[in-house]
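The next block holds one structure in the form of structure tokens; read it before the comments.
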Amino acid sequence: MLVVMRQNASVEDVQRVIERAASAGYEARPIAGRERTAIGIIGNDHPIDPSLFTSCPGVKETIAVTKPYKLVSREFPVEDTVITLGHTTIGEGHGCVVIAGPCAVESEAQAMKIAHHVASRGTRIFRGGAYKPRTSPYSFQGLGEEGLKILAKIREETGMAVVSEALDHDVFDLVEHYCDIVQIGARNMHNFSLLRRAGRSKKPILLKRGMAATVEEWLMAAEYILREGNSQVMLCERGIRTFGDHSRNTLDLSAVLFVLRETHLPVIVDPSHACGRRDQVIPLSRAACSIGAHGIMVEVHHRPEHALSDGPQSLTLEAFDELLSHIHVVSEAMERLGGTPHHPFTEGVIRQCA
Ligand code: PEP
Ligand code: MN
């Protein structure tokens, strides 16, 4: 439920609503708007009786939030979430950011070579797995902490922010220490204890959609993170399992459109894991950019045929340059069309009550 305060409501009025929520066993999250304050009430597993709050001084009205995901929903907060890392901002109104790098950090020489190339083309965020969730225990599992140290060195040398995946709690502490963004992979989207850990982190989280997760399950996973206090969450669509066998997964662009509209969080698309084949990465990136994704994350390798993981879907350095020029053209076209207004409800909750 959202409790909307009157324009002239006092700090004490707001405090009274917070206390009333607490005494009924709920949590209250005040959201300061330009003209008035709204207070999100969460922690209920059944509808809340509006009279609990409408009887409080300073309360204009209550709005039932019908979605099971509340904190991530546009019905709840007032503004879009934007994530700032150094000179880069990700989120609504900040174009399509490109995150690039190898599937796995294989050696300092390999990661540095790719990093210097993508950085020289203006890339601001570098990806690289140090702990890899491999289907086979015999496949390359990543360099572990050594890989994270290489990523930290890349940040030092190039100024790019770095993102890597946390496979479990112990690894989370390390990734959080060395990296700027912590990735929760598709296989861990349902790992609720890891999601809670991510929620206690001060670092932004890149939350991938589980390969068989519904959009609601994906958003509820994000809700776990926000519920613990970390609102710096990016959603990442990386393809889902379908009956199709022409590509590794199926890129669910309609889910991207849905979450762009439904939530205030930045939305990233990973075409590399979605299709699993190099020839589709650039066209799918163009598609993602053209529907207003806030970023794309692609795998790049200077010698994909020798990559220790995901070589077939990795762009060569030359193909990466081509990708950037395509993204540039699509972004310009999007701008000419006036962008993509995904937020029919942005400020809407407050405006409706004015
Ligand atoms: C990755 O990004 O390296 C990765 C393993 O992705 P996913 O969790 O989407 O499979
Ligand atoms: Mn990969």
Worksheet item: Out of all the residues in the range 86-107, is one or more within 16 Å of ligand 1 (Cβ to nearest atom), open to solvent by 20 Å² or more (accessible area, probe 1.4 Å) and more than 20 Å from the chain's Cα centre (by Cα)?
Response: yes
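Picking from Leu167, Leu174, which residue would you name as being open to solvent by 10 Å² or more (accessible area, probe 1.4 Å) and not in a helix (DSSP H, G or I)? First the steps, then the outcome.
Details: Leu174 fails: not in a helix (DSSP H, G or I).
Checking each option against the conditions leaves just Leu167.
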Fill in: Residue count for the range 192-218, restricted to those that are away from ligand 2 (no atom under 16 Å from the Cβ), in contact with an Asp or Glu (Cβ under 9 Å, 6 or more places away or on another chain), closer than 24 Å to Cys96 by Cβ and not charged (D, E, K, R)
3
Worksheet item: Out of the range 177-198, which residues are assigned to a loop (DSSP other than H, G, I, E, B), open to solvent by less than 10 Å² (accessible area, probe 1.4 Å) and out of contact with any Ser or Thr (no Cβ under 6 Å at 6 or more places or on another chain)?
Response: Gly185, Met189
Discussion item. Among the residues in the range 219-236, are any more than 16 Å from ligand 2 (Cβ to nearest atom), under 21 Å from Ile99 (Cβ atoms), open to solvent by 40 Å² or more (accessible area, probe 1.4 Å) and among the hydroxyl-bearing types (Ser, Thr, Tyr)?
Written reply: yes
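Search the range 138-184 for residues being among the acidic types (Asp, Glu) and within 16 Å of ligand 1 (Cβ to nearest atom), and hand back the single one that is farthest from Thr88 (Cα to Cα).
Here the residue is Asp168.
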Worksheet entry | Top-ranked residue of the range 141-164 - restricted to ones that are more than 24 Å from Asn191 (Cα to Cα) and acidic (Asp, Glu), ranked as most open to solvent (accessible area, probe 1.4 Å) | Glu156
Item to complete: Pick out, from the range 16-95, the strands (runs of 3 or more DSSP E) lying fully within it that include 3 or more residues that are among the aliphatic types (A, V, I, L, M).
Response: 27-32, 37-42
Worksheet, complete the sentence: Residues in the range 35-46 that are free of Cβ contacts under 8 Å to residues at least 24 places away in the same chain and out of contact with any Phe, Trp or Tyr (no Cβ under 8 Å at 6 or more places or on another chain) total 2
Item to complete: Scan the range 108-140 for residues that are hydrophobic (A, V, I, L, M, F, W, C), open to solvent by 10 Å² or more (accessible area, probe 1.4 Å) and either away from ligand 2 (no atom under 16 Å from the Cβ) or not in a loop (DSSP other than H, G, I, E, B) (or both) and jot them down.
Response: Ala109, Met112, Ala119
Worksheet, complete the sentence: Counted residues in the range 190-242 being of a type in the set (Asp, Glu) and within 12 Å of ligand 1 (Cβ to nearest atom) come to 1
Worksheet item: From Glu12, Glu35, Glu61, Glu27, which residue is open to solvent by 30 Å² or more (accessible area, probe 1.4 Å) and either closer than 25 Å to Ile225 by Cα or touching an Asp or Glu at 6+ places or on another chain (Cβ under 7 Å) (or both)?
Response: Glu27
Worksheet item: Just checking, which of Ser285, Ser325 is open to solvent by 40 Å² or more (accessible area, probe 1.4 Å), among the hydroxyl-bearing types (Ser, Thr, Tyr) and more than 14 Å from ligand 1 (Cβ to nearest atom)?
Response: Ser325
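The values are calculated or read from the model by the stated rules, or taken from the named source; none is laboratory data. If you're wondering where the values come from, they're calculated on a predicted model, not measured in any experiment. As a convention, Cβ positions derive from the backbone with ideal geometry for all residues, glycine included, and neighbour counts pool all protein chains shown. Heads up: the accessible areas ignore ligands, DNA and RNA and are worked out on the full protein's heavy atoms, side chains in. Shrake-Rupley method; radii C 1.70, N 1.55, O 1.52, S 1.80 Å.
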